[in-house]
Amino acid sequence: MTNYFRDRTFRQQIAILGSMYVGYGAMMVSRQMVTILSPALLADKDLNFTVKHTGDILAYGTVGAMVGKLIWGPLADKIGGRLTILIGIVLTALLVAAFGLSQNVVAFTACSALLYCTKSSGWPGMTKIVGEWYQPRQYGRVWSILSTSSRASVVLGTLFFGWLLAYFHWRTVAFLSTGMALLVYAGCRFLLKDKPTDASFLNVDAEQTIGAAEVPKHPLEGTSLWTALWAFASSWRVWFVVVMLMALTCDMAFLDFLPAYLMESFQVTPSEAAMASSYMPLGSLIGLTASIVCYDWFSKKQLRAVLTATLVLAVFCIVSLQFLPQLNLSDTWNYQFAKVLILLFGALTAPSYYIPMSIFSIEYGGPHSATLVCLIDMCGFAASASFGFVGGRLAVGAGSWTSFMTMLLVITVLAAIFTWLFTNGEYRATIRAK
């Protein structure tokens, strides 16, 4: 390890990874400020703010995020990852301040939509930088680490700024959030770089394989955006990963319904249900932490088996949740088993949700990697919005949570099927390349 730290490139990689981690975390916290501040907005008698307004603001935020994916992907491919991330951090910080200055629902909604739109710059920006700074054999570890940033920053940001709300007015808390994000921006501006000074180290693996010959260019090198879009639309592998991510995004959106599901299905208090819902993001962190250690060990063929198997186990978690009431256990044991199953569900779905499509976007998208990752992500947002719309109505309908969980079960089965199809396509692509 000492020899690694003597290597200048390795030290730069660590600095770049840390900058992306903190920078993306700052954008996530800025976006989350809308949710963090919402209880204080409801309590502010000068605003006449209601729960309906909160829902509208979050809904328009989702629309803003989808529009942002269309903007930031092609832009990141043009201007590079560093500038994309820096613009994203400073704009999200300023938009939180604008949110704090807002006086009515229209202004809150506009700031929220723009905030979510601007935050969409984070993932495409990191996609460009990861492709320039890390070798393919490092992608799994790097994306596993970066994926924990969104979960950890939201948890820590919610706790910290939620605590500040007990002592300061919500507008002051918004300004404090802006100040902290701008400090992160200053650090990232100094540390982030688009490309290493000596980019040849990225070709070490390829040169060992093909000798001193020139490393082949990416098939999309030098192509226009429209040519790249046609290549994406013509690829079965792209369609497989799109459907896979749409299903997995719906699985992750289960978190939005967890407090209500636990409260009504297991007869616990709202406070207990809210706290127990944290088991799913905790499980996600556990799954991603395991991926940091293990993901890059596996070949494409082994990943096909491992990722599919984890989602098959996730299917059994949903089935077990549905059949828990029929086991005739006490209410206490039912609730404890449910929390364990939810923890496992988060751990089993998170690696497939975050990592494969990010790696695929770099490898398949090449110079258009940011555009590809945004298109895939946008489809996931659309699926999540549909899931929320349909799921909410199923939960309050005749079938109640049984119908909701049946839908979630079908979606998770689809996620497992398309994960196998996608990873099988990746494995076959490596065989054809040899």
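A few remarks follow.
- Think of the stretch 1-150 as having a plus end and a minus end, set by charges on the Cβ of Lys, Arg, Asp and Glu; of Val22, Leu70, Tyr60, Val22 sits farthest toward the positive end of this dipole.
- For the chain, the mean residue ellipticity at 222 nm estimated from helices alone is -28500 deg cm²/dmol, where every DSSP H run of n ≥ 4 contributes -39500 (n - 2.57) and the total is divided by all residues, rounded to the nearest 500.
- When Thr249, Thr289 are arranged by Cβ crowding within 10 Å, least crowded first, meaning fewest neighbours, the order is Thr289, Thr249.
- Rh (Kirkwood; distinct C-alpha pairs) - the stretch 92-204, Å: 16.5 Å
- Each Cα pair under 8 Å and six or more residues apart adds its separation to the average, and for the chain the resulting relative contact order is 24 percent.
- The stretch 2-194, relative contact order in percent, only Cα pairs under 8 angstrom and at least six apart counted: 38 percent
- Remark: the stretch 2-194 is approximated by an ellipsoid whose semi-axes, taken from the C-alpha gyration tensor as √(5λ), come to 32, 18, 13 Å, largest first.
- Largest mean-square fluctuation among Ala43, Ala305, Ala382, in a Gaussian network model of the chain whose springs join Cα atoms under 10 Å apart, belongs to Ala43.
- Over the stretch 276-432, Cα pairs under 8 Å with separation of 6+ residues give a relative contact order of 39 percent.
- Sequence of Arg171, Arg82 once ranked by neighbouring C-beta atoms within 10 Å, starting from the fewest: Arg171, Arg82
- Summing charges over all other residues whose Cβ lies under 12 Å from the Cβ of Ile16, with Lys and Arg as +1 and Asp and Glu as -1, gives +3.
- Hull volume in cubic angstrom per residue (convex hull over the Cα atoms of the stretch 276-434): 122 Å³
- Debye intensity ratio I(q)/I(0), log10, the stretch 64-109, q values 0.22, 0.24, 0.31, 0.32 Å⁻¹ (C-alpha model): -0.82, -0.89, -1.06, -1.08
- Overall, the chain carries a charge dipole of about 620 debye about its Cα centre when +1 sits on the Cβ of Lys and Arg and -1 on the Cβ of Asp and Glu, all other atoms neutral.
- Cα convex hull, the chain: 154 Å³ per residue, rounded to a whole number.
- Note on the stretch 235-306 and the stretch 354-369: Cα centroid distance 20 Å, given to the nearest whole angstrom.
- Debye, to nearest 20: dipole size of the stretch 2-194, +1 on Lys, Arg Cβ, -1 on Asp, Glu Cβ: 540 debye
- In plain terms, the residue of Thr371, Thr35 with the fewest other Cβ atoms within 10 Å comes first and the most crowded comes last, giving Thr35, Thr371.
Quick note: the coordinates plus some simple rules give every number you see, no bench work behind them. Given the structure is predicted, the values throughout are model-derived calculations rather than measurements. With ideal geometry, Cβ positions are generated from the backbone for all residues, glycine too; neighbour counts draw on all protein chains shown.
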